[in-house]
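Each reported figure results from applying straightforward, stated rules to the coordinates on display, with no laboratory input. Note that the coordinates shown come from a computational prediction; the quantities given were computed from them, not determined experimentally. Every residue, glycine among them, receives a Cβ derived from its backbone with ideal geometry; neighbour counts consider all protein chains shown.
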Amino acid sequence: MYAGFYHLNADPFCLRPDSRFRFSHASYSKARAYMLYALQRAEGFVVVTGAPGTGKTTLIKDIVATLTRSNYNISHLVTTRLSANDLLRSIAYSFGIANEGMDKATLLSRLQLYLLEQRRARRQTLLIVDEAQDLSRNALEELRLLTNLEENNEPLLQIFLVGQKQFLRLMQLEVMEQFKQRIVAACELKPLSSHEIKNYVLHRLKVAGWKQDPALDSNIFPHLSHFSKGVPRKINQILSRLFLHGYVEDRHKLNAGDFSEIISEIKSEQLSMSLFQTGSLDESSEPRNPILKVYSSAHH
């Protein structure tokens, strides 16, 4: 809508991860370097944490895009509070191993055989587990045992654990010591600094073909830094609304007054949504069942 009005060739503030708009700020570059180093090690766990909206999915997609598919066998799971056994079965399914009715010992044997086949075909197997902060200690222990699988002292599986910052609190428990010893790299995606925020916005606009229309008053950026807290997803949400406001009002220069107006609108909408959700809660309702999503199956 506003992209056409401002003669942009793409939406610069789309919420979906898009590799064209990747912005290598300090925290992102450091995390990316750690992960590429860990891939060379081809063992153990790589832990990536960050608050929602800081770019974890973008980083993972960026890393996977650098890998030669003929050399890597990759599966990406998004988990929601799976038990240890359900997690194990889900991992097997994600690699194309049917296991309905199979006992655990047989399942582990079949999974090991599969990983051996990949190793002998000179493919490194990588499992990416998203929302890792929701995994139980038993589920994490099951993952640790999978990293024990090897042939001729060569590990058969490497695991990336991607989650929110509370996952790190779990790692501080004494019972997690054995697990921590398997972590070959850990990195945190942090919010952007105020300087990085401006560069982030200008980078996305440049990629979208921005020709100074709309013109952005420099006094917008301190307000953007304050309200977004440096979280890329929030920056995109706010600026998408600002550009929509400009389109609706037929504006070709946007200033702090426009920014204040859309922030007031957003706050009002959030309050209304919060009241609606509070009023619609049914305390007697049953909790939802755990969900597993397989985002990308193994590559054969």
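Observations, loosely collected:
- Entries of Lys30/Lys253; Lys61/Lys253; Lys61/Lys206; Lys165/Lys211; Lys30/Lys234; Lys30/Lys229 with Cα pairs more than 31 Å apart: Lys30/Lys253; Lys61/Lys253; Lys165/Lys211
- Per-residue Cβ neighbour counts within 10 Å put Thr68, Thr58, Thr49, Thr106 in the sequence Thr68, Thr106, Thr58, Thr49, beginning with the fewest.
- Charge tally in the Cβ shell below 14 Å around Lys104, where Lys, Arg are +1 and Asp, Glu are -1, Lys104 excluded: -3
- GNM top mover of Ala215, Ala121, Ala105 - the chain, alpha-carbon springs below 10 Å: Ala105
- Largest GNM mean-square fluctuation across Lys190, Lys267, Lys61, computed for the chain with C-alpha springs under 10 Å, falls on Lys267.
- Normalised by 2.2 N^0.38 Å, where N is the number of residues, the C-alpha radius of gyration of the stretch 1-68 stands at 1.37.
- Which of Thr49, Asn153, Tyr2, positive extreme of dipole for the chain (C-beta unit charges): Asn153
- Here the stretch 195-269 is assigned +1 on the Cβ of each Lys and Arg and -1 on the Cβ of each Asp and Glu. Its dipole about the Cα centre then comes out at about 380 debye.
- When both bridge partners sit in the chain, DSSP labels roughly 20% of those beta bridges antiparallel.
- Among Phe227, Phe21, Phe243, the residue with the largest mean-square fluctuation in a Gaussian network model of the chain, with springs joining Cα atoms closer than 10 Å, is Phe227.
- Average Cα contact separation per residue, the chain, under 8 Å, 6 or more apart, as relative contact order %: 32 percent
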